[in-house]
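Each remark here refers to the structure printed beneath this line.
Any read-out appearing in this document is the output of simple, stated calculations on the displayed coordinates, not a laboratory observation. For clarity, every value in this text was computed on a predicted model and none was experimentally measured. Glycine also receives a Cβ, built like all others from the backbone with ideal geometry; neighbour counts cover every protein chain displayed.
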Amino acid sequence: MGASENTATSPSRGKIVIASPIGDAHALGRLVIHAGAEALGFTVLRANTIGPKNLADLVRASKVDAVVMTWLLSPSGDQIADYLEYLAAVPTPPLLLMGGLTVNTAWIEAHVTGHYPGKLIGCTSAAALLRELSAV
């Protein structure tokens with residue numbers, strides 16, 4: 001799994017994990033969001049590409065406030081369902097921010113709505129995702 005955490009000395013606005021699903025290569029998006037989230041004052045765990053069970057275990061163990069999932073490629077409905085199922089089983093499901101080129105209102109309604117008990121925000125760009133994160 002190998003998540004890395006920043007070591008900021010000022011108080012944190014919260015702890016987030018940034019990840020992409022296995023098979024997706026959205027490294028640039030993760031790096032942009034990581035830098036922006038740190039600049040906003042968040043403690044960042046970067047999980048890179050990670051499977052759904054390992055992501056849920058990391059969220060549970062690290063007590064994160066939010067999960068940022070970046071999708072460069074168009075994920076399948078089954079792949080999304082796997083991540084949502086594991087994250088929904090976390091005792092207090094974190095805020096879930098989903099971002100990527102394929103994420104829009106229709107995509108969220110088709111693949112996500114009704115499958116996640118926590119708050120979910122979909123964003124089509126890193127800039128939009130960071131705007132949403134700044135409001136948290």
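What to note about this one:
- Estimated FRET transfer efficiency (SER134, ALA106; beta-carbon r; R0 30 Å; 0.05): 0.75
- Close amide H pairs (under 5 Å, H built 1.01 Å from N) link SER20 with ASN48, THR49, ILE50, THR70, residues at least 5 positions away or on another chain.
- Subtracting the Cα-Cα distance of LYS63 and ALA39 from 0.36 nm times their residue separation leaves 6.6 nm of extension gain.
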